[in-house]
Amino acid sequence: MTSLLLLVVGLVLMAVGWLLVRRLGVRARVGRILASTPVVPVDEALRLASAGRARYVGVGGRLDSDHEFLDEHQRPLVFRHSRLELRNGSRWVPVTDHREVVPFSLAGALASIAVDGDALDEGLVVVMRQSEGTAGEIPDRVPDGTPPATPARLRVELLTSVDHALALGVPGIGADGEPVLRAGMGRPLILTTLEPAEAMRLLAAEHRTSTRAGALLMAGGLLAAAAGLAWTLIGAVA
């Protein structure tokens, strides 16, 4: 009976740990996809696009564009996502959410492939630029009647035409007849300017407590289930 109880407890712990990790959301899923997706050269991505073979792959290269725009620091941007948020109790509430994106591509040594920048959302993994202050410092950017002492923060994600990046998606042919990397096969378009290991650490840091708890539950469950199974087999032999 004890061996059966150990086995059941182990299976329950593993199930709870797995569900906890699964509930971490899209960003946790992005990390898992980053860890398991094969990376191919730009030339191979172009071949897959031309052949019409749906395959989810990673492609590395330098971001390039003929339409970049300059920010206040004279950086040549191809993508910028800015969010102004105000503190309301324990939550940050968005006030403005502004996206700017121009056509850009990933360039390898001799070839390049366009990236569907309009599809970038939770799959964008870059270091967040953030500044904090109060609503009183930006009265023209917050709703009328906002108390001046309300905490405010501006969060910005951006990509420049001099960044090196890794993009994950399905190579295909776009509406303009040119090869493009985009979301597909039930997976989002992912792009990071970080090394994959660093990107995964950044994603895991957002849910560190839940990630550790889930991992411990699954490890403990595996040990309990293994002990219960071993005890059962020993009893059967005896």
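The values are calculated or read from the model by the stated rules, or taken from the named source; none is laboratory data. Since this is a predicted model, take the numbers as computed values, not measurements. Neighbour counts are summed over all protein chains in view; Cβ atoms, including those assigned to glycine, are modelled from backbone coordinates with ideal geometry.
From the set of residues in the range 132-142 that are touching a strand residue (DSSP E or B) at 6+ places or on another chain (Cβ under 7 Å) and either charged (D, E, K, R) or surrounded by fewer than 11 Cβ atoms within 10 Å (Cβ to Cβ) (or both), which is farthest from Arg201 (Cα to Cα)? By that ranking, first place goes to Arg141.
Per the conditions (1) modelled with pLDDT of 95 or more; (2) touching a helix residue (DSSP H, G or I) at 6+ places or on another chain (Cβ under 9 Å); (3) within 15 Å of Gly172 (Cβ to Cβ); (4) not hydrophobic (A, V, I, L, M, F, W, C), the sole criterion not satisfied by Glu44 is (2). For the range 138-167, filtering for residues that are more than 30 Å from Ile113 (Cβ to Cβ) and under 32 Å from the mean Cα position of the chain (by Cα) leaves 9.
Being free of Cβ contacts under 8 Å to residues at least 12 places away in the same chain and either of a type in the set (A, V, I, L, M) or touching a His at 6+ places or on another chain (Cβ under 9 Å) (or both) is the filter here, so list the residues in the range 55-79 that pass it. Correct list: Leu70 only. When the range 80-104 is filtered for residues that are among the basic types (Lys, Arg), free of Cβ contacts under 8 Å to residues at least 60 places away in the same chain and within 27 Å of His164 (Cβ to Cβ), only Arg99 remains.
Taking the conditions exactly as written (surrounded by 13 or more Cβ atoms within 10 Å (Cβ to Cβ), closer than 18 Å to Leu189 by Cα and touching a residue at least 40 places away in the same chain (Cβ under 8 Å)), does Leu154 satisfy them or not? Taking the combined requirement at face value, the residue does not satisfy it.
To keep it simple, each residue is scored yes or no on (1) at pLDDT below 95; (2) more than 23 Å from the chain's Cα centre (by Cα); (3) surrounded by fewer than 16 Cβ atoms within 10 Å (Cβ to Cβ).
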{"position": "Val21", "(1), (2), (3)": "yes, no, no"}
{"position": "Arg29", "(1), (2), (3)": "yes, no, no"}
{"position": "Ala54", "(1), (2), (3)": "yes, no, yes"}
{"position": "Leu63", "(1), (2), (3)": "no, no, no"}
{"position": "Leu84", "(1), (2), (3)": "no, no, no"}
{"position": "Arg91", "(1), (2), (3)": "yes, no, yes"}
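Listed by position, the strands (runs of 3 or more DSSP E) contained in the range 126-193 that have at least 2 residues being touching a helix residue (DSSP H, G or I) at 6+ places or on another chain (Cβ under 7 Å) and of a type outside the set (A, V, I, L, M) are 164-173, 179-182.
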